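Trainee: Here it is: the structure, laid out below.
Where a number appears in this text, it was derived from the coordinates with a stated rule and is not lab data. Only a predicted model underlies this, so the values are computations on that prediction, with no experimental measurement involved. Cβ: placed from backbone, ideal geometry, glycine included. Neighbour counts: every protein chain shown.
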C-alpha cells in the first residue's frame, strides 16, 4: 500500500456519523484528518483558504448548504470526494461535481475499505 499520507476533511451535521467515519479513518495510518465540521458553511470557508487536502468526506443532506452544493463550490480544491449519505438514491443521482465515491450510512468497515482502495487506485491519486 502507498505510504503517502492523504489529508481528509470531514463534514456532517450529525455527530454520530462523524464518529463512525473517524473510527474508520483512524484504522488507516495513511489517512490523516485535518479538520471536522458539523456546519458546512464553516467547511466552505476552511476549504476555500486551505491547500493540501486530498479527500473530502461530506454528508449530502445538511442544513444551510448541502454536500452537493459544498462540493460544487470547492471540487477543484481536492482530488477525491466521498459522499456519505443515509439516502442511497442520492449517491447515484448526477450532481455536476465530477467523479466521486459514496458510502451509505451506516456503512461497514469492509465498505469503507472498498472506497479507500478505489481512491488509492484512481487515476487522480498522486
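Trainee: Ranked by Cβ crowding within 10 angstrom, fewest neighbours first, how are 5, 119, 55 ordered?
Mentor: 5, 119, 55
Trainee: Considering only DSSP beta bridges where both residues belong to the range 6-120, give the percentage that are antiparallel (nearest 5).
Mentor: 0 percent
Trainee: A follow-up question, please. Under 8 Å for C-alpha pairs, at least 6 residues apart: give me the relative contact order for the chain, rounded to a whole percent.
Mentor: Reported as a whole number, the value is 22 percent.
Trainee: Where does the chain land at 222 nm, in deg cm²/dmol rounded to the nearest 500, when only DSSP H runs of n ≥ 4 count, each adding -39500 (n - 2.57), divided by all residues?
Mentor: That calculation yields -11000 deg cm²/dmol at 222 nm.
Trainee: Also: I need the shape label for the chain. Rule: rounded when a/c is under 1.5, else prolate if a/b > b/c, else oblate, with a, b, c from the alpha carbon gyration tensor.
Mentor: rounded
Trainee: With label points built 7 Å along Cα→Cβ from the Cα atoms of residue 99 and residue 86, find their separation and express it in nm.
Mentor: Placing both labels 7 Å beyond Cα along the Cβ direction yields 3.1 nm.
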